[in-house]
Every structure is written in C-alpha cells, then in structure tokens.
Amino acid sequence: MAERKIKIGKVQIVFFKSSTQVLTALAVVILLTAAALGTLSLVEHRMIRQTEDLRAQAAQIEYENSLLKQYTDELGSAKSVERIAREELGMVSPDTVLIEAQVK
C-alpha cells in the first residue's frame with residue numbers, strides 16, 4: 001500500500017492511496033464542517049451583541065423602576081399632594097394671591 005507522510009509540529013498525517021470517491025467525500029465533509037464552524041462563529045457574535053443590548057435595556061428599565069418607586073413612595077406625602085395640586089390641577093393655597101399676566 002502506497003502512503004505519504006506529512007509532519008506538522010508534533011502531529012504526523014499519513015495519507016494512504018485511496019479512491020477518488022473517498023477523497024471527494026472527505027473533502028465535502030471538511031468543507032461542510034468549515035462552513036458550520038463559520039456559521040456558529042457568526043451566531044456566537046450575534047448572541048453576544050444581543051446579550052449586551054439586553055443588559056443595557058435591563059439597566060435602563062431598572063433605573064426607570066427606581067424612579068417610579070421613588071415617585072410612588074412620595075405620592076402619599078403632603079408635599080407631593082401639594083405639588084400635584086399646583087402643577088397638574090393649577091390650584092394654589094388659600095393664602096396665595098394668583099396674578100396671571102398675558103404676554104402678547
């Protein structure tokens with residue numbers, strides 16, 4: 001049996017004489033494996049980007065939740081009721097004189 005040896009570093013590859021069908025099948029398997037590895041690499045990079053985006057969104061949502069919690073905690077206080085009455089309802093305290101000026 002004719003054989004050919006190639007040494008790469010500590011690895012030795014031995015090629016035996018084989019039919020072209022076996023070599024063709026082996027080449028196809030190698031190409032498909034390389035394509036699969038390339039696809040997996042692209043998917044991995046996409047997943048990393050999506051994970052980073054989702055973490056950023058989660059951080060933003062946590063920040064907004066903390067603001068909303070602070071807002072709801074303040075809602076029951078007298079100061080908060082006064083602010084809502086003044087800013088949202090246009091009310092003033094009884095000892096306040098409201099003067100409205102129209103700008104033309």
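The values are calculated or read from the model by the stated rules, or taken from the named source; none is laboratory data. The shown structure was predicted, so the numbers you read here are calculated from the model rather than taken from an experiment. Ideal geometry is used to build each Cβ from the backbone, glycine not excepted, and the neighbour counts take in all protein chains shown. Surface accessibility is based on the protein's heavy atoms, side chains included, excluding ligands, DNA and RNA. Shrake-Rupley method; radii C 1.70, N 1.55, O 1.52, S 1.80 Å.
Observations on the model:
- For SER77 and VAL97, the FRET efficiency from 1/(1 + (r/R0)^6), where r spans their Cβ atoms and R0 equals 25 Å, is about 0.45.
- Calculated over the chain: convex hull of Cα atoms, volume per residue (Å³): 294 Å³
- Listed values for the stretch 16-26 are Karplus-derived 3J(HN,Hα) couplings in whole Hz (6.51 cos²θ - 1.76 cosθ + 1.60, θ = phi - 60°), namely 9, 5, 9, 6, 5, 5, 5, 5, 5, 4, 4, and x replaces Gly and Pro.
- Accessible area per residue, Å², the chain with all protein chains present, probe 1.4 Å: 96 Å²
- Rounded tilt (10° steps) of 78-87 against the dominant C-alpha axis of the chain: 90 degrees
- Nitroxide proxy distance, nm - points 7 Å out along Cα→Cβ at ILE84 and LEU67: 1.9 nm
- ARG4-THR39 FRET efficiency (beta carbon distance; Förster radius 30 Å; 0.05 resolution): 0.40
- Short-range pairs are left out: with C-alpha atoms under 8 Å and at least six residues apart, the relative contact order of the chain is 9 percent.
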